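The values are calculated or read from the model by the stated rules, or taken from the named source; none is laboratory data. Just so you know, these numbers come straight off a predicted model, no measurement behind them. Here the Cβ positions follow ideal geometry from the backbone for every residue, glycine too, while neighbour counts run over all protein chains shown. Note: accessible area is taken over every heavy atom of the protein model, side chains too, but ligands, DNA and RNA are not part of it. Shrake-Rupley method; radii C 1.70, N 1.55, O 1.52, S 1.80 Å.
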Amino acid sequence: MNSPIQPPAGAEIMACHDCGLLHHMRALREGAAASCTRCGAVLFRRKANSIDRALMLTLAALILFVIANSFPFLTFKLEGRATTSTLSTGVIQLYQDGMWPLAALVFGATILVPLAKLLATAYVLLPLRFGRRVWGLAQVFRAAEIMHPWAMMEVFLLGVIVAYVKLSDLAKLELGIALIAFIALILTMIAAEVALDPREVWDRLGRQATAKALRPSASRSLLSCHACDQLCHVASPGHGARCPRCGAALHRRKPHSLARTWALIIAACILYVPANVLPVMTVTSFGQGEPDTILSGVKVLIQAGMWPVALLVFFASITVPVIKIIAMIFLLISIQRRSHWRPRDRTVLYRVVESVGRWSMVDVFMISILVALVNLGAVASIAPGPGAIAFASVVILTMIAAMTFDPRLIWDAQESTRDGQQTVHA
Ligand SMILES: [Zn+2]
Ligand SMILES: [Zn+2]
């Protein structure tokens, strides 16, 4: 599994996603995971009946998706009046309030991307299950993997919980059948994600390269595909070379990683100011109301004695974006200074930053739920504010920054100083 030096000729080899170290793979027992010997990243996990189980769960999720989008989600009752919302009411309300960027974001993250991901996964797994080959399987599976971080239903659910707590002392809230289907949908999609072994899918779409097929060659360089982990020999990297298995463009490192990541982080820093200064929403009740920023929203929660939710919103909306921006700047500077300081810990830091970022969307989703529910004209209404667009942009920019950042750059500084040693990176 983990000897970079002279593996058996028939062994499959794979480069670590996070540090680029080459590993030769040996068969694993079911349920076991192979980790990188240098940075600790999980290379892959062997799963039993992966395709069968993932396919069944994906089909079940599609049924739940239809139910979650067809029935009432939440009902808000106040002073004898009631508003019933479905999953898409918030999207429509945001659009009518002139907040189309937020409407597009909520629609994409909670409806469009999850549906596209489910359909794409079913499109790939169905023919594989029955041993057929249809058009574009590799391309569609690559697209499904790219969609993964942008499907944010679990973050939306946390937004529902925050909105529920916020409204619970103001009015009566009833849970609809769609909300229960929505929770079941999230659990089913997570189970499908856990059941699926992407390496098995890629293996069925084209065998992983073996050591024999990749004999050292002076004139060609060895590259690992960023999408499917296939190792390829390429004569001139970066000049239109494509992965023979999935068709993704091949690069030694993500192209212009440092410059792109810096640009995105600087843009996020600039937008962080309006995100915190401008109001994110305005609550009006019986003609009275004032705009709330993110921080004043937290204060309102504390004054109402809702400590756990206040802490959660403070952590997700204020702490996480700041820590994320600082961590990315630290990683960028450490690479530019060719730092040798704790590369493994810096790689772990990157992994945490990459996985935690999407949870900052909680506030944005909470606002979309509140504007959909609290819509009783003069009695009570909630309108979105421009700060919410700036805040959502900060979260999206930092998410893309984490994607354009290449953690293997952390390890390149270590490689370049080991003169005369065998090159083991890809
Ligand atoms: Zn590694
Ligand atoms: Zn590929």
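Side notes on the structure shown:
- Where chymotrypsin sites (Phe, Trp or Tyr not before Pro) fall in DSSP loop in the stretch 265-333, at most 14 other Cβ within 10 Å: F286
- Percent carbon-and-sulfur accessible area, the chain, ignoring ligands, DNA and RNA, probe 1.4 Å: 63 percent
- Exposed loop sites here mean trypsin sites (Lys or Arg not before Pro) with a DSSP loop assignment and at most 10 other beta-carbon atoms within 10 Å; the chain contains its longest site-free run at 134-336.
- Estimated distance in nm for a label pair at L62 and I161, the labels positioned 7 Å out from Cα along Cα-to-Cβ: 3.1 nm
- Ranked by solvent-accessible area (1.4 Å probe, protein heavy atoms only, all chains present), the residues M189, M328 order from largest to smallest as M189, M328.
- Computed P(r) (all Cα pairs; the chain; 20 Å bins; percent): 23, 51, 24, 3, 0
- The chain: Lys pairs at Cα distance under 30 angstrom, eight or more positions apart or on different chains: 14
- If a spin label sat at a point 7 angstrom from the Cα of I177 along the line to its beta carbon, the backbone N atoms of the stretch 42-86 nearer than 11 Å would be those of 67-68, 70-72.
- Cα→Cβ-extended label distance, 7 Å offset, between R81 and E290, nm: 2.4 nm
- Förster-model FRET efficiency, 60 Å R0, K299 and A235, C-beta, rounded to 0.05: 0.45
- Exposure check, 1.4 Å probe, all protein chains in place: V160 carries approximately 10 Å² of accessible surface.
- Here the chain is treated with +1 on each Lys and Arg Cβ and -1 on each Asp and Glu Cβ, and its dipole about the Cα centre works out to around 1700 debye.
- On full extension, the segment bounded by T282 and L187 gains 30.9 nm, given 0.36 nm per residue less the C-alpha separation.
- Helix 386-404 axis, angle to the chain major axis (alpha carbon atoms, nearest 10°): 10 degrees
- Computed from the C-beta positions of R46 and A104, the FRET efficiency with R₀ = 41 Å rounds to 0.55.
- Farthest positive-ward along the stretch 34-125 dipole, Cα basis, beta-carbon charges - from P114, V124, V91: V124
- Entry for the stretch 1-154 at q = 0.09, 0.11, 0.15, 0.21 Å⁻¹: log10 I(q)/I(0) = -0.49, -0.67, -0.98, -1.31, Debye formula applied to identical alpha-carbon scatterers, no solvent contribution.
- Entry note, the chain: the mean residue ellipticity at 222 nm calculated from DSSP H runs of n ≥ 4, each adding -39500 (n - 2.57), is -16500 deg cm²/dmol after division by the residues and rounding to the nearest 500.
- The stretch 170-236: C-alpha gyration tensor shape, a/c 1.5 cut-off, then a/b vs b/c: prolate
- Segment V379-V322, extension gain: residue separation times 0.36 nm, minus the distance between their alpha carbons: 16.8 nm
- Rounded to the nearest 10 Å², the accessible area of H226 at probe 1.4 Å: 50 Å²
- A cysteine counts as unpartnered when no other cysteine's C-beta lies under 4.7 Å of its own; in the chain this applies to C232, C269.
- Using a probe of 1.4 angstrom and keeping all protein chains present, the accessible surface of the chain works out to 46 square angstrom per residue.
- Within the full protein context, the accessible area of W359 is estimated at about 90 Å² for a probe radius of 1.4 Å.
- The residues neighbouring W202, those whose beta-carbon lies less than 15 Å from its own, together hold a net charge of +3 under the Lys/Arg +1, Asp/Glu -1 convention.
- FRET efficiency, 1/(1 + (r/R0)^6) with R0 25 Å, evaluated for M403 and V348 via beta carbons: 0.90
- Computed over neighbours whose Cβ is under 15 Å from that of M14, the net charge equals +3, Lys and Arg +1, Asp and Glu -1.
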